[in-house]
Amino acid sequence: MAEEYNFGTRKEKDTEVGLRDFLRIGFLLIAKWPFILASILVSLMIAFAVNKYTPNTYKLSMTAAVEESVNPLASSDNSLEFAFSLGGTGVVDTRKAILTSFAHNNRVARQLGWELQVFAQGTLGRREAYGQNYVKIEWDNNHPQLGGLRFDLSVSKDGVNITTEQEGKNLTSIDYTTNSQTALPKELDLETDLGFVSWGQWVESKYYRFRILKGSGFNTEDDRSRSFRFRSYDDVSQWAIKNLTMRSDERDKSSLLTIEMKGNHRQKIADYLNASISELQAYELRQKNQMAINTIEFIDGQLLIIESALKDSETALEDFRSQNLIIDLNTKSEQMLEYFIALEQEKSALTLKRSFYLYVIDFLQNEQNFSGLSIPSMGAFDDPIVMQLAEQLVSSSIALERVQLTLERNNPARRDLENEVAYSRQALLNATNNALSSSYIVLKDVNQRIEVAEAKMSKLPSTEQQLINIQRMYEVRGEQYQLLLEKRSEAGILRASNVPDTKVIDPAVNRGQREIAPNRLLNYITA
């Protein structure tokens with residue numbers, strides 16, 4: 001019992017010491033309350049200043065549906081059905097690769113025309129004035145412009161005072177017509193004070209040429225200074241790729257793709273996202289239409305030749321009938337004409353097919369991308385081997401284009417497809433050359449039969465011979481012309497009916513309100 005009592009006494013003493021220490025700490029805190037209050041106030045003031053003067057960071061998003069659109073007008077026996085498609089496995093991954101590729105974003109930058117970046121002087125520094133209309137800066141597109149140099153403007157009623165300041169270590173000469181830029185020497189001597197220039201006066205040197213005009217929003221009471229700099233399309237592309245993120249929900253052949261982008265200007269982000277999807281849709285259509293375009297171009301060339309010959313035959317036939325009394329042929333001459341027309345049709349079809357073979361050979365020898373190769377069906381003289389190899393080459397080329405966007409050059413799968421394309425190209429080239437040689441033999445036989453028929457025709461009266469010759473050329477050229485028009489119409493209708501695979505569901509728009517926490521304090525306004 002004594003031990004228990006003593007233990008309880010020790011425990012009670014320990015508790016009394018703990019309470020005493022706690023009270024001592026409380027009294028110390030109360031004594032220091034002015035310092036604590038001052039710290040809290042300073043922290044709130046710092047947070048308020050950061051929130052007020054640090055640019056907001058916004059994140060906008062847009063949603064698109066990616067579906068493999070099959071053109072219902074592309075029949076199974078029409079070689080134009082091989083039009084470019086990015087579908088199949090990885091349909092969304094392919095779009096992601098395109099949207100984040102440098103080439104795509106470079107095209108978007110050119111479409112937007114963001115060659116100039118304008119700033120306005122704020123309370124604590126310069127901020128980009130996207131979409132500003134205070135001043136208007138016109139620059140000479142045919143003259144190189146200077147990148148890496150900022151032009152500061154002090155605006156007055158009569159004109160602008162311009163000073164310059166180099167940004168970064170390197171200056172570049174930007175040529176917007178060729179989309180190229182050249183590094184300039186580091187020791188380049190440039191004027192830092194360009195002086196006062198009137199509104200609309202050209203400011204030019206070896207490295208730049210521009211002029212400054214009053215914008216529609218010009219206001220003399222706004223005394224904030226402005227500045228601007230030239231930037232290349234490559235700079236815009238790098239900025240876009242850095243700030244793009246994507247999320248996807250891929251299910252079978254229909255997939256949703258959400259594209260997000262962050263930055264300091266909601267409208268700028270919205271404009272870029274919408275332009276990026278618009279360029280993607282245009283790219284899809286260009287690829288799908290390439291075969292139809294190539295077909296139309298070839299047929300147009302043939303039509304020019306045949307149309308001229310057809311007009312000559314029509315004129316000759318009219319002149320002959322007006323100068324001679326023969327209007328109708330007798331039975332023997334009519335049979336002879338029908339036989340000649342059949343031979344000439346066979347010959348013209350062979351000639352046209354040989355033109356296609358020559359077109360294919362030229363295409364294979366001079367083009368690097370074969371997804372646009374097209375050999376329209378021309379009837380009984382189609383070569384199944386050539387058609388099959390052409391289909392194989394187009395399919396391999398389309399697959400290679402797809403993996404080129406997602407795989408590195410040394411990837412084994414990409415190398416295998418490159419080899420497959422090379423083998424298919426060579427096989428098609430060999431088969432087309434063989435078909436061309438074979439067609440020459442057939443054409444020679446047809447010419448011999450025409451010569452035999454012409455020998456028989458020589459026994460007819462001369463006027464009937466002339467009429468048969470003119471009539472047969474007119475009939476054959478007219479039928480050939482009609483055939484080409486039909487093929488051209490098919491290609492044109494197919495081209496017009498193609499639609500992009502990517503369809504916007506929720507476009508990027510400039511909406512949302514400014515919240516308290518900006519930038520590093522993680523304020524994301526999501527459209």
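Please treat every number below as a calculation from the coordinates, not as lab data. Predicted model, so just to flag it, every value in this text is computed and none were measured. Positions of Cβ are backbone-derived with ideal geometry, glycine not excepted, and every protein chain shown enters the neighbour counts.
Could you list, in their original order, any pairs among LYS288/LYS353; LYS206/LYS242; LYS347/LYS459 whose Cα atoms are separated by more than 30 Å? Walk me through the numbers before you get to the answer.
Numbers: LYS288/LYS353 25 Å; LYS206/LYS242 33 Å; LYS347/LYS459 24 Å.
Pairs exceeding the cut-off: LYS206/LYS242.
Counting Lys and Arg as +1 and Asp and Glu as -1 over every other residue whose Cβ lies under 11 Å from the Cβ of ILE269, the net charge comes to +2. When only Cα pairs below 8 angstrom with a gap of at least 6 residues are kept, segment 151-239 shows a relative contact order of 33 percent.
Cβ neighbours within 10 Å, averaged per peptide: list 464-472, 311-319 in order, most packed at the top. Could the numbers behind the result be given before it?
Details: 464-472: 19.3, 311-319: 14.1.
The densest-packed peptide leads the list: 464-472, 311-319.
Global dimensions of segment 96-181 from alpha-carbon coordinates: Rg and Dmax equal 15.4, 50 Å.
What's the ranking of 438-451, 294-307 by average number of surrounding C-beta atoms within 10 Å, highest first? It would help to have the intermediate numbers written out before the result.
Values: 438-451: 13.2, 294-307: 17.0.
Highest mean packing first, the order is 294-307, 438-451.
Highest-first packing order for the peptide set 258-267, 163-172, 497-506 is 258-267, 497-506, 163-172, based on the mean count of other beta carbon atoms within 10 Å.
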